[in-house]
Amino acid sequence: MKSAPFEYVAPATVDEAVRLLAEHGDEAKVLAGGQSLVPVLALRLARPGVLVDVNRVDGLAGVRRDNGRVRVGALTRHAAVERDPDLAAAVPLLARAAPLIGHFQIRNRGTIGGSLAHADPAAEWPAVALALDAELEVRSSGGQRTIAAADFVVSTFMTALEPDDLLVAAWFPVWGAGAGFAVEELARRSGDFAIAGAICGVQVAGPAVTRAAISLLGMGSTPLRARAAERRLTGARPDDLDLEEVGQLAVADCDPPDDVHASGSYRRRVGAALVSRALARAMREAQGEVQDG
C-alpha cells in the first residue's frame with residue numbers, strides 16, 4: 001500500500017522543529033530513522049497531515065559524557081551505539097542491547113530516540129532506559145524538561161510526550177567499578193522482536209550486592225521493572241543467591257499477553273529463565289570475570 005497524502009517539512013534546528021510541531025499539533029509526526037513510522041504510514045495505520053523530518057537538525061545525534069552520565073542524542077543510530085567503544089565502556093547495556101535490534105539495515109537507519117518514542121513493549125531501548133533509570137530530555141514550545149524513564153512509556157505505543165514535544169536526548173548513568181550487565185532475550189528468528197527478554201545490571205562491593213536493576217520486555221503493555229527481585233538481590237551475598245528463585249520472583253506479578261507468537265504462561269516461564277541467565281552473566285562480570293559474549 002501507499003501512505004495517505006501528507007505535507008513534508010525538514011527543519012534545520014531544534015527550535016524550528018518544535019515550532020512546526022506546535023503549529024500542527026496532532027496532525028504532525030516526527031520522522032527520524034523511519035523504521036517504525038514508514039511501515040505504519042504505508043499500511044495507513046497513521047495518517048498525519050505533516051511529516052516533520054528531523055534528520056537535518058544539527059546536534060540531535062552524538063554521544064557525550066558529562067558529570068557521571070552519558071548523553072545520547074535522539075538521532076543517534078542504533079549502529080553508532082553498537083560500535084562506539086567509549087559508550088560501551090561507560091554504559092555497557094547500550095552496546096549489548098544494540099545488536100539485538102532488528103537486522104543491520106534497520107540498525108543503520110533506526111534511531112534510539114525513534115525507538116523510545118515508538119514505545120513498543122518488545123523493544124530493547126525502552127527496557128534499557130527503564131532498568132538504568134534514564135532521563136529523557138524533551139524540548140517543546142514551553143521550553144526544556146526531563147521525563148524519568150519510569151514515567152515515559154504510558155502504554156503500548158503511547159508515551160508521555162505531548163504533540164509539540166520533541167525528544168532530543170536520553171541521559172544514562174555510569175555505574176562504575178564492580179558492575180556487571182547482561183541482556184537475554186528469546187525471538188523466533190534473529191532480528192525479530194523478542195517474545196520475552198530481560199535487561200539486568202548488578203553492582204557488587206565487598207561481600208554483597210549493592211545495586212540491582214532488572215527490567216522485562218515483551219511481558220506486558222510496557223517494559224516492566226522487577227522491583228521485588230531487585231530487593232531480593234540488594235544486600236545479599238552473591239554465593240547465597242538462588243538465581244532461579246530470583247527469576248521466578250521477577251515475573252511473579254507479570255500478566256503477559258497471549259498472542260500469535262506465544263501464550264502468556266509460556267512468556268512467564270521463559271521470562272523467569274532469561275532473568276536467571278542474565279543475572280548469572282551480570283554477576284560473573286561484577287565479580288571480575290570477562291563477559292561471555
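Values quoted throughout were computed directly from the atomic coordinates according to the rules given, and no laboratory measurement underlies them. Since the structure is predicted, the reported quantities are computational estimates derived from the model, not experimental observations. Here the Cβ positions follow ideal geometry from the backbone for every residue, glycine too, while neighbour counts run over all protein chains shown.
Here are the numbers for this structure:
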| read-out | value |
| --- | --- |
| Rg followed by Dmax, in Å, when the stretch 7-53 is reduced to its Cα trace | 10.5, 31 |
| Simple Cβ-charge dipole of the stretch 179-286, Lys/Arg +1 and Asp/Glu -1, about Cα centre, in debye nearest 20 | 180 |
| Mean separation of Cα contacts under 8 Å, 6 or more apart, over the residue count of the stretch 181-276: relative contact order % | 26 |
| Rounded to 10°, Cα long-axis angle of helix 14-24 versus longest principal axis of the chain | 70 |
| Sites matching trypsin sites (Lys or Arg not before Pro) across the stretch 146-247 that sit in DSSP coil, with at most 16 neighbouring C-beta atoms within 10 Å | Arg188, Arg189 |
| Principal-axis tilt of helix 264-286 within the chain, Cα atoms, nearest 10 degrees | 70 |
| Computed over the chain: relative contact order in percent, which uses C-alpha pairs under 8 Å that are six or more apart | 15 |
| Between the stretch 88-157 and the stretch 1-39, the alpha-carbon center distance in angstrom | 19 |
| Magnitude of the charge dipole, the chain, Cβ model with Lys/Arg +1 and Asp/Glu -1, debye to 20 | 440 |
| Mean separation of Cα contacts under 8 Å, 6 or more apart, over the residue count of the stretch 84-212: relative contact order % | 25 |
| Reported label for calculated semi-axes √(5λ) of the Cα gyration tensor in Å given (i) 27, 22, 20; (ii) 34, 21, 16; (iii) 42, 36, 16 | (ii) |
| Gyration tensor (alpha-carbon) shape descriptor, the stretch 52-175, a/c threshold 1.5 | rounded |
| Estimated 222 nm signal from helices in the chain, with DSSP H stretches of n ≥ 4 weighted -39500 (n - 2.57), rounded to 500 | -9000 deg cm²/dmol |
